[in-house]
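Below is one structure, written out as C-alpha cells, with a few remarks after it.
The values are calculated or read from the model by the stated rules, or taken from the named source; none is laboratory data. Note that the coordinates shown come from a computational prediction; the quantities given were computed from them, not determined experimentally. Quick reminder, even Gly has a Cβ in these numbers, built from the backbone with ideal geometry, and neighbours come from all protein chains shown.
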There are 2 protein chains.
Amino acid sequence: MTDDRRLRVALLGAGSVGSQVAALLLTHQDELADRAGVALDLVGIAVRDVDAPRDADLPRELFTTDAEGLIVGADIVIELMGGIEPAREYIALALNSGADVVTGNKALVATHGSELFDVADQVGATVSYEAAVAGAIPIIRPLRDSLAGDRVQRIMGIVNGTTNYILDRMDREGSDFDVVLADAQRLGYAEADPTGDVEGFDAAQKAAILASLAFHTAVPVDAVHREGITAIDKTVMDAARGAGYVIKLLAVCERLEGAAESPTGEAISVRVAPALVPRDHPLASVHGANNAVFVQAEAAGNLMFYGAGAGGVQTASAVLGDVVSAARRHIAGGVGVGESTRANLPVLPIGRVTTRYQITLDVSDEPGVLSTVAGILAEGRVSIATALQTVITEANGESGTARLVIGTHRALEQDLSDTVDRLAASGVVDRIVSVLRVEGD
Amino acid sequence: MTDDRRLRVALLGAGSVGSQVAALLLTHQDELADRAGVALDLVGIAVRDVDAPRDADLPRELFTTDAEGLIVGADIVIELMGGIEPAREYIALALNSGADVVTGNKALVATHGSELFDVADQVGATVSYEAAVAGAIPIIRPLRDSLAGDRVQRIMGIVNGTTNYILDRMDREGSDFDVVLADAQRLGYAEADPTGDVEGFDAAQKAAILASLAFHTAVPVDAVHREGITAIDKTVMDAARGAGYVIKLLAVCERLEGAAESPTGEAISVRVAPALVPRDHPLASVHGANNAVFVQAEAAGNLMFYGAGAGGVQTASAVLGDVVSAARRHIAGGVGVGESTRANLPVLPIGRVTTRYQITLDVSDEPGVLSTVAGILAEGRVSIATALQTVITEANGESGTARLVIGTHRALEQDLSDTVDRLAASGVVDRIVSVLRVEGD
C-alpha cells in the first residue's frame, strides 16, 4: 500500500519542538511511512546558526541556513521558527511551491491565518496547525472536523500552561504571585520576561484561533478582550477559595444572541481573563501546567479535551500528526479542508457581554454601608444574588473595616463596570479588592 | 466556494440517533452546506415501518422501506440501523455504488470493520464511524489522525454509559447493584435486558475498535478479555472506597513488550473489566452516564477526552461531523484515509498480562491464617504490597471471621489466578470477596 514515491520534508527551526520533531521523524521513519502510506524523508533543517546547541542529537549535515533553498522542492514544510517574519514569507513561498505546510506558530496563525489559508486555497494546498493551540491536545481537528455538523455555543479553555501552573500553586499552597512566578521561572515553566503569559497575550492568540474555527469567523487577535493575572494576589485567591471557586485564566469564546448589527442577531464574544470557576467544574481540577478545553455544543453537549499544553516532545506529537495527515493528502491528491469563515459573525466589545460577577470590597464597618452599596448596585441594574460581610480583625483588635463579597446575577459588563466606578467614588468603599467574572455554571 | 453540485444523502434507520440526524440535516441545511462547501440533500430514510413513531417530526414522504433503491444513487449513505445484517450488506452496496459511508454501528465495525475498510479502499471511498465509540466525544479522529505520528502506549476508557451510571451511583450512594440497575432501567439509562451493557459486551466492541486504531492492528472482538460488573456488590464497592479507589468498568488497550511470538517483541492486551481506579485519577471523576477516554502516548503524554457517551442528539453530532467531512472529500476528490493494520501485533491472552491486583478475602479469625495466606501468595510469585486485616463484627459480637484486603505488586495474571485458586482451596479462606485489577497508577 506504500507509495513508491518519497516525500521531501523540510523543517524550519530546531528549537525545543523542532529538534524533537526532527528526532522523531528520523527514529520512527518506518512506522511513519507505514501510517502515511509513503516514506517521509527529512531533507533539511533551516536554522540561523548551524552550530547552536540542540535538545536532540541530530545529523549535522541536515542543517542549513538557506531556508529558501530548502523550501523550494519540498513536499511538506514544517514551520517551527516562531515569530511573524520571516515565517510568514517562508510559508507563502512553500505553498506557492506546491508544498503542504504544518506550523505550530500561534502568533502567525492568529494574526495572518486568513491570508495564509487563502493562499493555500488558491493553490490547492493545506496549512495545518494542531500544535498552535494546547500543545499535544487534539483540539483543532475536533473543532474543524468532528464538530463540523454541530453548533458550538461556548468554549472555555485553559490554554496557557504557565499561568495555570502559577494559579494552581497559589490556590493549593496559599502562596503569593511573586513567589510562585519566581519559582516557575527557576523551573522553566515561565520565561525570564513573563509578560506574554501572565498578561494573557499568549492565551489571547489561542482564543482568536479557537473562536475563528468554532464560529467560522475570522477573529482578529485585537478583537479579543484581554486581562492578565498580575492582580490576583493571595487576598483575591483566598476570597475565591472561601466562596467555593478556583481562579483560572480562561479563554472564553461565546456565541451571543440579539445583536442588532448582525442580520441573524448572532454575534460572538472572545475574552481572556482570570475567572472564578466552581470547584466541581471539570476545569477546576486541571492542575499544574496542563491545559484543557471545555466545549459546549448544541447537539454534542459538554465535551472536554485535556492534556499537556506545552513541552517539546508533547507538541512534536501534534506536529507529526499533522505531517502524517498532510502526507496522506499529498499523495492521494484532492484539495485539503479549507478554513471556513463564511458565518462572519461580529465580535462584540466586552461591554456587551453578560456574565455573573463576584465583587470583593473593603468597606467602612459602620451602619448603613451595606444599604448604600446595595443601592448603588440596584441603580446600576446589577442584581445581587449573594452577599457576605465579615469584619476584618487585625492583631490589635478590630480594624474598622469590613470585607464585603457580593455575587451578582447575570449583568451586562458595561453596567457592572459603571457600577464599580460609582462604588469606588461612593465614599463608603475603602478598596475594590477584586471584580471577577464567574464562568462555567 | 460552495460547489454547484448537491450531494444526495441517504439515511438508513430512524431510531433515536437516526431521527435526530435527519432533523439536524433538515434544520441546519444552510449552515451544513456552508461548512461542507456543497449542499446536502436528505433524499430518503429507509426504515422497516414507515408509520412507526419517531423521536423527531420528519416529513412523511422521506420514508421508504426500499433501502436498496435508496442506496443506489446516493453520494453519502448514513447507516444507523444497528445489527450486523442487513447493515453489512447495505454498506457494501453503498461503497460499490460509489457512495461514502458514515455509520454509528459499533457491533458491525468491531466484527466486520476490516472487511468493509478493504472494500472502501478498493473503490476509493471511506467508511467513517466517529459515532461508534463514546457517542459525541471525538476519539476516532484524534486516534487516527492527531496521534498518527505518535505511539499510543495505553488507552483506558469509560466507554459504556449504563455501567458508569450504575457504578457511580453505587459508589456515591452506597446502594446495591440490583436497586440501581432497576432505577437505571426505569430512567432509560439501561435496557430491559441489560446483558449487553452489564456483562461488558458493548464495551468490548468499543475496546476492539479503539485497539485496532491505536495499534494499527485488526483486533477481533473475540480477542477482547471481558468481565462484567454483576459481581460488584456493596461489599466490594465499600472495600474499594475504603482503600482509596473507585470501581469503573474500563476498556484497557495496552502495548506490551517482550512477547516471543512477535518479531519485535511487541504485543497488545485488550480487556474490559471492572477495575480499581485511584480517586485522584482523572477517570475517577467521570460521573453519571458520561464517557471518557484516557490515552497515554509516547510523545504526547497523557490526554483525556470527555463527554456524553450516548444520547440521540449527542451521537447525532458525531454522525454529522463525519457527514460533513465525507462531503468535503466527496467533492474534492482524492482517496480517503484508509485504516492501517500494518503493525499487525499479536493480542496476548489475559493470562500474559501483568497488573497490580487487590484481593479481598474473608478468612477465619485465628492465629496463623495471615501467615498461611502470605505463604500461598509468595509460592505463587505474587508479591504483597499492602495488607489490611480487620475483624468482622456482627450484631451479636465477633463473627469469628476477618476481612483481609491484600494489594499486590505487579503480577502475572496467570500466576495471580492460580494463586487465587489455591487460596480458595486452602481451608483458611471462607470466601473470595473480590479480585480486582488496579489500573491507572
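Points worth noting:
- Residue match in region A:332-343 (condition: surrounded by 15 or more Cβ atoms within 10 Å (Cβ to Cβ), of a type outside the set (Gly, Ala, Ser) and not in a loop (DSSP other than H, G, I, E, B)): no
- Set A:101, A:50, A:72, A:77: member being more than 30 Å from residue B:344 (Cα to Cα) and out of contact with any strand residue (DSSP E or B) (no Cβ under 6 Å at 6 or more places or on another chain): A:72
- Residue match in region A:269-276 (condition: within 21 Å of the chain's Cα centre (by Cα), over 30 Å from residue A:387 (Cβ atoms) and either of a type in the set (Asp, Glu) or crowded, with 20+ Cβ neighbours inside 10 Å (or both)): yes
- Matching residues, region A:1-22, being closer than 23 Å to residue A:56 by Cα and facing chain B (nearest Cβ under 10 Å): A:20, A:21
- Pairs where the first residue, in region A:73-92, is assigned by TED's automatic domain parsing to the domain that holds residue A:130 and under 15 Å from residue A:21 (Cβ atoms) and the second is of a type in the set (Ser, Thr, Tyr) and outside any loop (DSSP other than H, G, I, E, B), C-beta under 8 Å, 6+ apart: A:77/A:90; A:78/A:103; A:79/A:90; A:79/A:103; A:80/A:103; A:81/A:90
- Some residue of region A:401-421 being over 28 Å from residue A:273 (Cα atoms) and either assigned to a helix (DSSP H, G or I) or polar (S, T, N, Q) (or both): yes
- Of residues in region B:29-51 being within 10 Å of chain A (Cβ to nearest Cβ) and in contact with a Ser or Thr (Cβ under 7 Å, 6 or more places away or on another chain), the one farthest from residue B:19 (Cα to Cα): B:37
- Scan of region A:267-290 for residues that are charged (D, E, K, R), more than 11 Å from chain B (Cβ to nearest Cβ) and more than 26 Å from residue A:315 (Cβ to Cβ), ordered by number: A:279
- Between A:293, A:323, the distinction of being crowded, with 24+ Cβ neighbours inside 10 Å, within 11 Å of chain B (Cβ to nearest Cβ), within 15 Å of the chain's Cα centre (by Cα) and not in a loop (DSSP other than H, G, I, E, B) belongs to A:293 only.
- The lone exception for residue B:376 - which of (1) free of Cβ contacts under 8 Å to residues at least 60 places away in the same chain; (2) in a strand (DSSP E or B) it fails: (2)
- No other residue among B:178, B:193, B:145, B:183 is charged (D, E, K, R), closer than 16 Å to residue B:229 by Cβ and touching a helix residue (DSSP H, G or I) at 6+ places or on another chain (Cβ under 8 Å) apart from B:183.
- Check on residue B:307, modelled with pLDDT of 90 or more and within 14 Å of chain A (Cβ to nearest Cβ): yes
- Residue match in region B:124-138 (condition: at the interface with chain A (Cβ under 7 Å from one of its Cβ atoms), acidic (Asp, Glu) and either without any contact (Cβ under 8 Å) to a residue 60 or more places away in the chain or surrounded by fewer than 24 Cβ atoms within 10 Å (Cβ to Cβ) (or both)): no
- From B:89, B:61, B:68, residue being surrounded by fewer than 16 Cβ atoms within 10 Å (Cβ to Cβ), among the acidic types (Asp, Glu) and within 29 Å of the chain's Cα centre (by Cα): B:89
- Residue B:159 in contact with a helix residue (DSSP H, G or I) (Cβ under 9 Å, 6 or more places away or on another chain), within 21 Å of residue B:40 (Cα to Cα), away from chain A (no Cβ under 14 Å) and buried (at least 24 other Cβ atoms within 10 Å of the Cβ): no
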